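First up is the structure itself, then whatever we jot down about it.
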């Protein structure tokens, strides 16, 4: 059930819509009209919507939630037109087998509706004035998702590299810690999702099997909501926050990819990739091109920023080296 | 002269005083160009560009997206549902 209505929302109906015998939890969120905002006394609200788009946007938010969490059903009803104080403006209902998923998914769906759905709110104040509410949310680092590639076969290494230790920390944890500092949403790409399950992390399996790191990046871009994706590889335990920040500081407007190179080669990871690369990546893969660096090569110069490490002060190229063999590992 | 239909909501609808406007387009015009045209005609519609989004035929697009005659374009000021 995903609906817009001009009339009072029948909350019971929304709750009924997510009933599912396999679910032990239902989380129901009601957003109601508040009598104050930014210190002003609010008398009433008016919501305006773009009818053609709003339902499809909310539907895709609900689908995303179902991909992220094992859910039963999701229902959303949003009001439009004029609303008085205390009226229910939106109801989100989520059912799932266990409560944690339902809580998290309901919160996610609500946040996404606030940020993505073409709905505009006008507040009418006590002093006879009125104003459109512009939430100051867009274009922050919210627009950045983080991903860790841990899908390799580790053939030369002999065991899954993601779990090799540096000190007492597994490689994948080092990558996750870096991502957590700047990204609003984190995903791991792995073909063994069970390995990461215990940590409650979002793990995606490649949509395109055996298509290497490029297939992994494609799947990740497809999975995340923000328009930019910071991708790290799990076998780069020497990477530092400073280098990652260097990438994040670059102007992203008009670009599709940002990464490092040295005089010998281009390092796709750590790298920033824009969602609009999806199609191009698919083209590369369909032509048998599975190397991320070759895909980046084919992006027009003005649409990418490649930082030359030789030009950077006090940058250790070793930060960018992958640990592929046991020999490289013991040298760490 | 080719034209494209632009739907106006919220701040743009009130400022222009209409919920729809036809904007002339030239070859290679992008959705962002439509916004620049609007600001020229209606200076009060000026808005921080980094807070503005664009939708074409019911989907969000990048500001560099070229427009075609039969597109339905929406200038999307910051949304505030919920």
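FYI, it's all coordinate maths here, none of it is from the lab. Source: prediction; values computed, not measured. Ideal geometry is used to build each Cβ from the backbone, glycine not excepted, and the neighbour counts take in all protein chains shown.
Overview of results
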quantity: Burial order of peptide ranges A:245-254, A:270-279 (average beta-carbon count within 10 Å, highest first); calculated: A:270-279, A:245-254
quantity: Computed over segment A:274-332, Kirkwood Rh from alpha-carbon pairs, angstrom; calculated: 14.4
quantity: Stokes-Einstein D in µm²/s, Kirkwood radius over Cα pairs - segment A:228-299 at 10 °C with 1.306 mPa s viscosity; calculated: 122
quantity: Whole-Å distance, taken between Cα centres, linking segment A:1-80 and segment A:231-302; calculated: 37
quantity: Global form of segment A:71-179, assessed from the alpha-carbon gyration tensor, a/c cut-off 1.5; calculated: prolate
quantity: Least to most buried among A:110, B:1, A:280, A:287 (fewest other Cβ within 10 Å first); calculated: B:1, A:287, A:280, A:110
quantity: In nm, spacing of pseudo-spin labels at residue A:163 and residue A:280 (7 Å Cα→C-beta vector); calculated: 3.7
quantity: Gain upon complete extension [residue A:156, residue A:327; 0.36 nm per residue less C-alpha separation]; calculated: 60.6 nm
quantity: Residue among A:283, A:38, A:160 with the largest mean-square fluctuation in a Gaussian network model of chain A, springs linking Cα atoms under 10 Å; calculated: A:38
quantity: Test item: A:49-58 mean partner chain Cβ contacts at 10 Å; calculated: 4
quantity: Segment A:156-268 shape via C-alpha gyration tensor axes, a/c threshold 1.5; calculated: rounded
quantity: Tensor-based shape of the protein assembly as shown (alpha-carbon gyration tensor, a/c under 1.5 rounded, otherwise prolate or oblate); calculated: oblate
quantity: FRET efficiency, 1/(1 + (r/R0)^6) with R0 25 Å, evaluated for residue A:202 and residue A:16 via beta carbons; calculated: 0.25
quantity: Nearest 10 degrees, 0 to 90: helix B:31-41 Cα axis against chain B principal axis; calculated: 70
quantity: Least to most buried among B:31, B:79, A:11 (fewest other Cβ within 10 Å first); calculated: A:11, B:31, B:79
quantity: Point-to-point label distance, residue A:82-residue A:1, nm (Cα→Cβ direction, 7 Å offset); calculated: 2.7
quantity: Estimated FRET transfer efficiency (residue A:43, residue A:302; beta-carbon r; R0 51 Å; 0.05); calculated: 0.50
quantity: Mean-position separation - Cα centroids, segment A:87-112 and segment B:35-55, in angstrom; calculated: 35
quantity: Over the protein assembly as shown: helical MRE at 222 nm, DSSP H runs n ≥ 4 each giving -39500 (n - 2.57), nearest 500; calculated: -8500 deg cm²/dmol
quantity: Chain A: angle of helix A:212-223 to the longest principal axis, Cα-based, in degrees nearest 10; calculated: 10
quantity: Rounded tilt (10° steps) of A:99-116 against the dominant C-alpha axis of chain A; calculated: 80
quantity: Sorted by Cβ density within 10 Å, fewest first, the residues A:78, A:302; calculated: A:302, A:78
quantity: Linear extension gain, residue A:56 paired with residue A:36, 0.36 nm per residue minus alpha-carbon span; calculated: 4.1 nm
quantity: Spin-label pair residue A:124/residue A:311, simplified geometry with 7 Å Cα→Cβ offset, distance in nm; calculated: 5.7
